[in-house]
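Please treat every number below as a calculation from the coordinates, not as lab data. In this text the structure is predicted, and so the values were computed from the model without any measurement. All Cβ positions, even for glycine, are placed from backbone atoms using ideal geometry, and neighbour counts span all protein chains on display.
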Amino acid sequence: MRITELFDNGQFVVTAEVGPPKGIDASHVVEEAKEYLSGITAVNVTDNQSSVMRMGSLPACVMLKNAGLTPILQLTCRDRNRIALQSELLGAAALGIDNILCLTGDHTKMGDHPGAKPVFDLDSVSLLHTVCQLEKGVDLGGNELVGEAPKFAKGAVVSPCSDSVDAQLAKMERKVMAGAEYFQTQAVFDSEKFIQFMEKAKQFGKPVQLGVIIPKSAGMAKFMNKNVAGVHVPQEMIDALAADKERAKAGITGVEIAAKIIKECRPYCQGVHIMALGWEAKVPQLLELAGI
Amino acid sequence: MLITELKAKETIASQLGSKVFVIFCHGCKEIRFPEKEADDLLEELTAAGKVTGSITTDYICDPDQLKLRLEKFAAAIEGADTILVASCGVGVQTVASMFESKKVVAACDTYALPGFQGVTPLEHDCKQCGECYLNLTGGICPLTACSKSLVNGQCGGCKDGKCEVDPGMECGWERIQKRLAQIGRLDALKAPIQIRNYATDVNI
């Protein structure tokens, strides 16, 4: 099932993301997803997230699909050139993966193999364009595909709370030009900023899923403020996380913060995308508290 | 060493305003500049009544030297809406950063040859990629100003205006966005989707 069909039907689409393991046994990822994420629409599978080498997104997607979930293949341009990316897309379609999220990808220097060659032959925009070409039965070199062409729900990302929001909107517009059909955002902690962003982004006419991270502790929030581009946790949330360490440790404060953001932003967006970062078990509680 | 070649006439014409100041850099001894083609272009532009002034010089990559040489052309530059620069990518970027409110147009693509680069790049760099992007980016090279050499806009890694890969470096696309706003060229961000052609890049 392509998740674009659900957006078209006006459904509020809920997705979450999981990361494949650094190893060959993905059973715990599949089990956790089955237990905590089977109630939501689809599950993103990251592609060597943060440039940290792990099992590939595609095999993990297939494992989730076999377990009855709807996976979204994340595909970055950091590790593969245009030949390998197209090859991966054909393989994904052949294996029944029809939801994708196209990203440029973090730089290799940010991860656990900082000496690796960063590829970036294509970027998120030209990758989306490439997918559209394949859907027309032609590859990026202009050669015809043999047989049926693939068909994907094509997603992209945008960073609404970036301090460089005009450049983000310009990039978003290029992604729409290139064929993006839905957007998932970087994590939002400032509802007001997100709502202002959506005022400008709605001109593109594409569904946007609010990005949500459950803040685990004051320390994690401060770390993100210092190190993660486009993410800013306001001081009052950090104070709330610091105030009651027991509740924060149990995850209650973080879940309450995330639920409040979802409630405030829900009228302005078409779905929510939860980056649980290991707290997949809290997703059902978060959705209940957010009234979804 | 490097070679500069003029872009297609139509490509250059589509970038020019009604009044143009022209800078030709015959460069350093390590460079091959398309002298005849450039002279023909200047002649055509002059016949069309577009040229407010022109200078043929060398080492425009040295901003202090260039500033001195342009002093006597102040009125001609003031009267132009566009500065057309035929040089390698470093030269174009040097001029663009000197005239932040003018539209600076690259007339050439720059290709690499083995040997010395033969320029005096102080703060700008040219990858000699053979498909100059400076006309789409307000004269700031996305290949050298962006850690990922992105040609379709900013990634999500800009924090406080800096690149998350190298916090000592400004985000190239944030710079490009600001420059395009400053020169009223934000429409350049709606240019067709760019896919690099590595076949023109002899460094690969």
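Things to note:
- Per residue, the Cα convex hull of the range B:1-63 amounts to 94 Å³.
- Under a Gaussian network description of chain A, with springs only between Cα atoms under 10 Å, the residue in A:Asn48, A:Asn225, A:Asn99 that fluctuates furthest is A:Asn225.
- Size descriptor, Kirkwood hydrodynamic radius, that averages inverse alpha-carbon separations across the range A:3-158, Å: 16.1
- Over chain A, relative contact order from alpha-carbon pairs under 8 Å, at least 6 apart, %: 18
- Proximal lysines to B:Lys67, defined as alpha-carbon separation beneath 25 angstrom and excluding residues fewer than eight positions away on the same chain: B:Lys19, B:Lys29, B:Lys50, B:Lys102, B:Lys103, B:Lys127, B:Lys178
- Taking Cα atoms only, the orientation of helix A:218-227 departs from the longest principal axis of chain A by about 40 degrees.
- If you take the alpha carbon atoms of the range B:1-121 and fit the smallest convex hull around them, that volume is 88 Å³ per residue.
- Cα long-axis angle, helix B:172-182 against chain B (0 to 90 degrees, to the nearest 10): 50
- Extension gain for A:Ala84 to A:Lys226 (0.36 nm times residue separation, less C-alpha to C-alpha distance): 47.7 nm.
- Using θ = phi - 60° and Karplus 6.51 cos²θ - 1.76 cosθ + 1.60, couplings along the range A:283-292 (whole Hz; Gly, Pro as x): 4, x, 5, 4, 5, 5, 5, 7, x, 9
- Restriction of the trypsin sites (Lys or Arg not before Pro) in the range A:120-195 to DSSP coil positions whose beta-carbon has at most 13 other beta-carbons within 10 angstrom yields A:Lys136, A:Lys151.
- Percent of Cα pairs in the protein assembly as shown per distance bin of 10 Å, from zero to the largest separation: 4, 18, 26, 23, 15, 10, 4, 0, 0.
- Loop exposure criterion: GluC sites (Glu not before Pro), DSSP state outside H, G, I, E and B, at most 16 other Cβ atoms within 10 Å. Applied to chain B, the longest stretch between such sites is B:124-204.
- The separation of the range A:162-184 from the range B:66-89, counted between C-alpha centres, amounts to 36 Å.
- Rounded to 5, percent antiparallel among DSSP beta bridges of chain B: 35
- Label-point separation in nm, A:Ile195 to A:Asp8, each point 7 Å along Cα→Cβ: 3.2
- Taking the DSSP bridge list for the protein assembly as shown and keeping only pairs wholly inside it, about 15 percent are antiparallel.
- Comparing Cα centroids, the range B:34-64 and the range A:185-217 end up 49 angstrom apart.
- Model label zone, A:Leu145; criterion: amide N under 17 Å from point 7 Å along Cα-to-beta-carbon; scope the range A:166-187: A:179-181
- Percent of Cα-Cα distances greater than 20 Å, calculated over the range A:163-292: 45
- Per-selection Rg to Rh, chain B - Cα, Kirkwood hydrodynamic radius: 0.95
- Förster radius 30 Å - calculated FRET efficiency between A:Cys132 and B:Ser97, Cβ distance, rounded to 0.05: 0.25
- Modelled spin labels at B:Asp125 and B:Ser18, positioned 7 Å past Cα toward Cβ, are 4.2 nm from each other.
- Space enclosed by the convex hull of the alpha-carbon atoms of chain A, per residue, Å³: 129
- Qualifying aspartates and glutamates (Cα of each under 19 Å from Cα of B:Lys36; at least 8 residues distant if same chain): B:Glu5, B:Glu10, B:Glu44, B:Asp58, B:Asp109
- FRET efficiency for the pair B:Asp187 and A:Asp239, taken as 1/(1 + (r/R0)^6) with r the Cβ-Cβ distance and R0 = 56 Å, rounds to 0.80.
- Degrees, to the nearest 10: A:252-265 long Cα axis against longest axis of chain A: 60
- Considering only beta bridges that DSSP places wholly inside the range A:3-158, some 5 percent are antiparallel.
- Full extension of the chain between B:Leu68 and B:Lys9 yields a length gain of 18.2 nm, computed as 0.36 nm times the residue separation minus the alpha carbon distance.
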